[in-house]
1. Net charge within 13 Å of Leu163 by Cβ-Cβ distance, Lys/Arg positive one each and Asp/Glu negative one each, not counting Leu163 itself?
2. Take the cross-link list Lys246/Lys314; Lys172/Lys276; Lys6/Lys26; Lys204/Lys261; Lys115/Lys151; Lys107/Lys276 and give me the ones stretching past 25 Å between alpha-carbons.
3. Going by how many other beta carbons lie within 10 Å of each one, how would you line up Met162, Met137, fewest first?
4. Taking the alpha-carbon centroid of each part, what is the distance from region 274-322 to region 21-54 in angstrom?
5. Rule-of-thumb check for region 96-149: C-alpha Rg over 2.2 N^0.38 Å?
6. What does the convex hull of the alpha-carbon atoms of the chain project to on average, in nm²?
7. Does anyone have the angle between helix 68-81 and the longest principal axis of the chain? Alpha-carbon axes, 0 to 90°, nearest 10?
8. Along its principal axes, what span do the Cα atoms of region 23-139 show, with the longest given first and each in whole Å?
Amino acid sequence: MKNQLKSYIIHENEEWLIPLRKALKKFDVQYEEWLLNDMIINIDKTPPNGVFFSRMSASNFTRNHLHSNQSTNIILTWLENHNRRVINGTNVLELEFSKVLQQLLLKKSGFKTPKTIVAVGTNRIKEAASNLNIYPMIVKPNQGGKGFGVKLINTINELDTMLKDNLITSSKDDTWLLQEKISTNDDFITRMEFVGGNFIYSLKVYSKNSFELCPADTCEIDFDEFCPVNEINDIKNSQPSFFIDKTPDKELAKELTLFLKKHQIEVAGVEFIRNKDGVPIFYDINTNTNYNLNAEKQSINNKNGMEEIALFLKSELNKIKI
């Protein structure tokens, strides 16, 4: 009877599930996929028993899945109301869809974040930039993903031209963050990965002047179709952009582990860049984390992100009493 329990994978992007399916099959984890976008939801029904894992992405609207925000929030609330085991539930979904909330949560917990002013409405971006008045600065959408809509602004006149030429495209919620660009001695950002509340590895991402830092294998393999990371993943020159950090900051990993546990974030990648004084400045919590297999082959602890997720789901299934 217990073997009939399933993991339910809640998502909206077919391509990002390919490596997870492989890992689930390898460890014989029974699962079912729930593709969420426009749908009918009978909230009077009782959901099945099992483990529910949300892999909903903030970039859903870039794939024309415009209803994913609402459908996922309803489904996760429905599951939680029935006391189902939900991994990355409604509180995490709220964070995934709002970089402003991420910054506030990190700052409240004592982590350094970029100086930020929020513009609610594209028409307030210039005023917010004038108030921040730190150049160069970055403008980014509150709900983003894959570097979508992120722009580097060198002067207020440059921003004015961008706005007049409609180069700052509309975002999902028309809310924007104006942030200082962090001065650094490094040519990479760092992304620490956590699964089931455990630190698995630290990844160095060489941005090469791009903001599109998605580590998904599909982004590297076929950026034209899946993830247009042209500047990061220079396929013609075969220059990888993702490297396992052989000497991760273990104390920082411990601090982030406690932070994620406190806020019930069970699977996530946390991104930061060190300023010129070596202080980590945090700017993103990615709760729909993807992994890069080529980088993982370098791992000193032989960790594979999707396999760690599969093992975590299997472990959680075994805890359910029926």
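Only the coordinates and a few stated rules stand behind these numbers; no lab work does. The shown structure was predicted, so the numbers you read here are calculated from the model rather than taken from an experiment. Every residue, glycine as well, gets a Cβ built from its backbone with ideal geometry; the counts of neighbours run over all protein chains shown.
1. So the environment of Leu163 carries a net charge of 0.
2. Lys246/Lys314; Lys172/Lys276
3. Met162, Met137
4. Measuring centre to centre over Cα atoms gives 20 Å.
5. Working it through for region 96-149, the quotient is 1.17.
6. Approximately 17.1 nm², given one-decimal rounding.
7. 40
8. 53, 31, 29
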